[in-house]
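Each remark here refers to the structure printed beneath this line.
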Amino acid sequence: MTRLAVPKTYKLYIGGKFPRSESGRTYEITGAGGDFLANAAQASRKDARDAVVAARSALKGWSAATAYNRGQVLYRIAELLEGRRAQFVDELVRSEGLTERRAAAVIDTAIDRWVWFAGWADKFAQVLGNGNPVAGPYFNLSVPEPTGVVAVIAPQAGEGHSLTGFVSAVAPALVSGNTVVVVASRSAPLSAISLSEVLATSDVPPGVVNVLTGSPAEIAPWLASHADVNAIDLVGAGALDWVQLQIDAAETLKRVLQPEDGPGAPAPTLARISAFTETKTVWHTKGLL
């Protein structure tokens, strides 16, 4: 008897769950040769609001976790991604037309990025923080703290950047204790949704990362103007009216990271970690003799 294949249903990832879009909308994902691959959920304004609520609810616990614990969680993502290498290679080959060798190199880069940022989790505060010299018997310390809920427009280009760009934008925000709402690549969202399955089965608490698929042009304005979003990374918004998005973000005093030149993934740097931190300075009297 001929067995029918069970096609995968690609959904959103919000609050640790995989809902369909509340609007019921989907759109077709095609491969590099134009062949049909899957239907993906097309997120709406309501889905974006739900994702922000989930991210805000998870912020207190994630930001209060020790830096060592956050590093271990990010490293766990790398471990699970390594274990599902074959699945990701297959999806990149089918959806973006990469060779298996090139797809394997993309997976290697994504895994290495998680490990790289995991290593910074308990070290970045020592580099970005400072003990300030003051005139008086006081300790004056500056310490980096998370900004809050960060919205991310992930790189939209294919050729593997849909995965490495996603990781390179999301991971640095997580390092310092922020929570994230990310809009994945519209044309090649499969690896982003599969990565959300990795997040769901790792130690990442529900709501820390929320993944939306669909039209960045539709979703980005709502995230930019949302009063409960503290910052927005426009790394993948180069094709959008990102100047208007900055204007929208300014209405609620958001921190904004502008698009980067070129279609590729942003380089892993300490600057991307510090981009979404706030410096808190405290005074403390020295011990009395």
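The values are calculated or read from the model by the stated rules, or taken from the named source; none is laboratory data. Just so it is clear, the structure is predicted and the values come from calculations on it, not from any experiment. Cβ atoms come from the backbone with ideal geometry, glycine included; neighbour counts cover every protein chain shown. The protein model used for the area step is the full one, side chains on, heavy atoms only, and it has no ligands, DNA or RNA in it. Shrake-Rupley method; radii C 1.70, N 1.55, O 1.52, S 1.80 Å.
General observations
- Flag if Val256 is touching a residue at least 60 places away in the same chain (Cβ under 8 Å), under 16 Å from the mean Cα position of the chain (by Cα) and not in a helix (DSSP H, G or I): no
- Some residue of segment 217-238 being at pLDDT below 95 and surrounded by fewer than 20 Cβ atoms within 10 Å (Cβ to Cβ): yes
- Only one entry in Leu174, Leu163, Leu141 is out of contact with any strand residue (DSSP E or B) (no Cβ under 7 Å at 6 or more places or on another chain) and in contact (Cβ under 8 Å) with a residue 12 or more places away in the chain, namely Leu163.
- Looking at Ser142, Ser185, just one residue is out of contact with any Cys (no Cβ under 8 Å at 6 or more places or on another chain) and outside any strand (DSSP E or B), and that residue is Ser185.
- Among the residues of segment 261-272, at least one is open to solvent by 20 Å² or more (accessible area, probe 1.4 Å) and outside any loop (DSSP other than H, G, I, E, B).
- Only residues that are outside any loop (DSSP other than H, G, I, E, B), of a type outside the set (S, T, N, Q), over 23 Å from Arg255 (Cβ atoms) and touching a helix residue (DSSP H, G or I) at 6+ places or on another chain (Cβ under 9 Å) were counted in segment 198-217, giving 2.
- Output for segment 28-64, where each listed residue is outside any helix (DSSP H, G or I) and either among the small types (Gly, Ala, Ser) or open to solvent by less than 20 Å² (accessible area, probe 1.4 Å) (or both): Ile29, Gly31, Ala32, Gly33, Gly34, Ala38, Ala40, Ala41, Ala43, Ser44
- If you go through segment 75-131 and keep only what is closer than 30 Å to Leu141 by Cα, part of a helix (DSSP H, G or I) and without any contact (Cβ under 8 Å) to a residue 12 or more places away in the chain, you end up with just Gln126.
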